[in-house]
Amino acid sequence: MATIIDGKSLAQKLRSEIKEEVYHYLNSGERPPHLAAILVGDDGASKTYVASKERDCDFVGFDSTVHRLPSDITENELLKLIESINSNEDIDGLIVQLPLPKHINSSVVTDSINPEIDVDGFHTINVGRLTKNEDTYISATPFGVIKMLEEYGIETKGKHCVVIGRSNIVGRPMSILMSRGGYPGESTVTICHRYTENLKSHTYVADIVIVAVGIPHFLKGDMVKEGAVVIDVGITRVDSDNNKGYKLVGDADFDSLLDKSSAITPVPGGVGPMTRYGLLYNTLKSYKRKLNL
Ligand code: GUN
């Protein structure tokens, strides 16, 4: 029976530590940290994510500002807003919730954010710093996964880690972090994706499998070896007759993996809460850097 990695409790503990730290700064007369978020359009999942980020800021004592923009806003108008936030000394973090409408180039937008307040870590400069193992903002989800592995003392050195998915937000940075020097890291990493032939031949030899493909129950128990560690990054909304009208389903088939793996993250309550913690961590990091704390 696997250890169930309790991201929810861990994130709660870590969030409370941030709250205490902020309380201490406020008592010393400093201003609160401030996160700004831009939400374009009315995608249901994005609205939910941004609302959780606001609640999280509130909990730890950060100020937050959300700019809600219509989906037909032009790229130029969006860039102008980002420019004005970039030059606001009192804002420590700026995120633009993705995905953006098709007529807006996400890459141009993320690269227009001042890298020093790019707490999502999506700017090309911050991705470059990550690949060089330099100090940077590690994107919230990969950061949350690394923190989980660390807090649960999961051995990574010399282990074979298979990352399924090569997205800029999760798979790619995850693979870089797992192979970097230091702990967690020093793993031998394989990245698998939609064109990988015989996926099971890779996952079956992995000590750690990180799955981020957005396909419910994609990774099954018969695809991993006995004792593997399974990190499930997937969060897909599927229709449900509960009061929300949907439920969240992971990329890992939890039931068939539970007996086979040595540790596994559940959905919900695994990586998701740790991602939310990652954003708070990065915002606090920017704040402390700005104020020399
Ligand atoms: N969309 C999905 N994940 C993320 C994230 O971590 N940050 C932003 N800004 N948008 C996202």
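Observations
- Heavy-atom accessible surface of H217, to the nearest 10 Å², is about 80 Å², with a 1.4 Å probe and all protein chains retained.
- The residues neighbouring R31, those whose beta-carbon lies less than 14 Å from its own, together hold a net charge of -3 under the Lys/Arg +1, Asp/Glu -1 convention.
- Each of E83, E75 has its accessible area taken with a 1.4 Å probe; listed largest first, they run E83, E75.
- Listed by chain and number, the aspartates and glutamates whose alpha-carbon sits under 20 Å from that of K102, ignoring those within fewer than 8 places in the same chain, are D42, D43, D72, E75, E77, D111.
- Only alpha carbons enter this Debye calculation for the range 208-251, each as an equal point scatterer, and the log10 of I(q)/I(0) it gives at q = 0.17, 0.32 Å⁻¹ is -0.52, -1.08.
- Counting only protein chain heavy atoms and rolling a 1.4 Å probe, the accessible areas of E186, E89 rank, largest first, as E89, E186.
- Candidate aspartates and glutamates for bridging to K290, where Cα separation is under 14 Å - those fewer than 8 sequence places away on the same chain excluded: E30, E89, D90, D92, E116, D118
- Which listed pairs, of K19/K80; K80/K244; K157/K225; K80/K285; K13/K225; K19/K260, have C-alpha distances above 28 Å, in listed order: K19/K80; K80/K244; K13/K225; K19/K260
- The relative contact order of the chain, computed from alpha carbon pairs under 8 Å that lie at least 6 residues apart in sequence, is 21 percent.
- Computed in the context of the full set of protein chains, the accessible area of the chain at 1.4 Å probe radius has 49% of its extent on carbon or sulfur.
- Other residues within the sphere of radius under 12 Å centred on the Cβ of D251, judged by their own Cβ, net out at -1 (K and R +1, D and E -1).
- Most fluctuating residue given options S28, S167, S261, as computed from a GNM of the chain linking Cα atoms under 10 Å: S28
- Share antiparallel - DSSP beta bridges, the range 151-293, percent rounded to 5: 20
- Report summary: the helix-based calculation at 222 nm, which adds -39500 (n - 2.57) for every DSSP H run with n ≥ 4 and divides by the residues of the chain, gives -12000 deg cm²/dmol.
- Charge dipole (the chain, unit charges on Cβ, about Cα centre) - positive-most of P268, I169, M1: M1
- Accessible area, probe 1.4 Å, largest first, for residues T156, T141, T131: T131, T141, T156
- Accessible surface calculations at 1.4 Å, restricted to protein heavy atoms, place the chain at 47 Å² per residue.
- Summed side-chain charge close to N126 - residues other than N126 whose Cβ falls under 9 Å, Lys, Arg +1, Asp, Glu -1: -1
The values are calculated or read from the model by the stated rules, or taken from the named source; none is laboratory data. Every value quoted in this text rests on a predicted model; they were computed, and no experiment measured them. FYI the Cβ positions are ideal-geometry reconstructions off the backbone, even for glycines, and counts take in every protein chain you see. Accessible surface is based on the protein model in full, side chains and every heavy atom, while ligands, DNA and RNA are left aside. Shrake-Rupley method; radii C 1.70, N 1.55, O 1.52, S 1.80 Å.
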